[in-house]
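What follows is a short report on a single structure.
Every number here is computed from the coordinates shown, using simple stated rules; none is lab data. Everything numeric in this text was worked out from a predicted model, so none of it was measured. Cβ: placed from backbone, ideal geometry, glycine included. Neighbour counts: every protein chain shown.
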């Protein structure tokens, strides 16, 4: 879609996407400064959400108790965690902006982050172990792109600063491989990674890409 010499143009058109990455990175800097106790209330703890839900059903609804369903997506557990998520968020988030615009990119981020939180909550109802990270939303963008690539003929995307365009099928395959790895992680019971949040985000992206988002102007019907 764009050559590597178009960096300034990319920055202008991807300002919202880049702003989101900068915001998440700045929040990580804040995490480092305040320590675990400072950002603990914004992490997703399934047991706490369940307790808040029970209270809401009893008539005591406190919206702040449900903020972690989204705020956890803006937090990260380390610099490597942050870097890997922001790298793939840029790749697939920038594609979303190119194809369907900034509004749908933001909708996708919020919706798939919430889907990831709900899946993690559903599969770890009584867990006191917190979850954090944008991985659910990142997988959401992968699911979104896969659904659009199946639904329409998409142009070969050129993700700055990569040297050449990448066929849509290869990028879609990357999303499928990520989903398969997460599925194996769930079956294997590996600790330390919220695979169910990844799966939830991916499913949310598939739903948006299959049923909701408009056909990109640069795409063609199959």
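Structure summary
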| item | result |
| --- | --- |
| Pair list, Cβ under 6 Å, 6 or more apart: segment 207-222 residue over 13 Å from residue 104 (Cβ atoms), other residue in a loop (DSSP other than H, G, I, E, B) | 218/155; 219/154 |
| Residue list for segment 93-110, filter: crowded, with 19+ Cβ neighbours inside 10 Å and closer than 17 Å to residue 24 by Cβ | 93, 94, 96, 97, 105, 108, 109 |
| Criterion (under 30 Å from residue 10 (Cβ atoms), in contact with a strand residue (DSSP E or B) (Cβ under 9 Å, 6 or more places away or on another chain) and without any contact (Cβ under 8 Å) to a residue 60 or more places away in the chain) met by exactly one of 84, 71 | 71 |
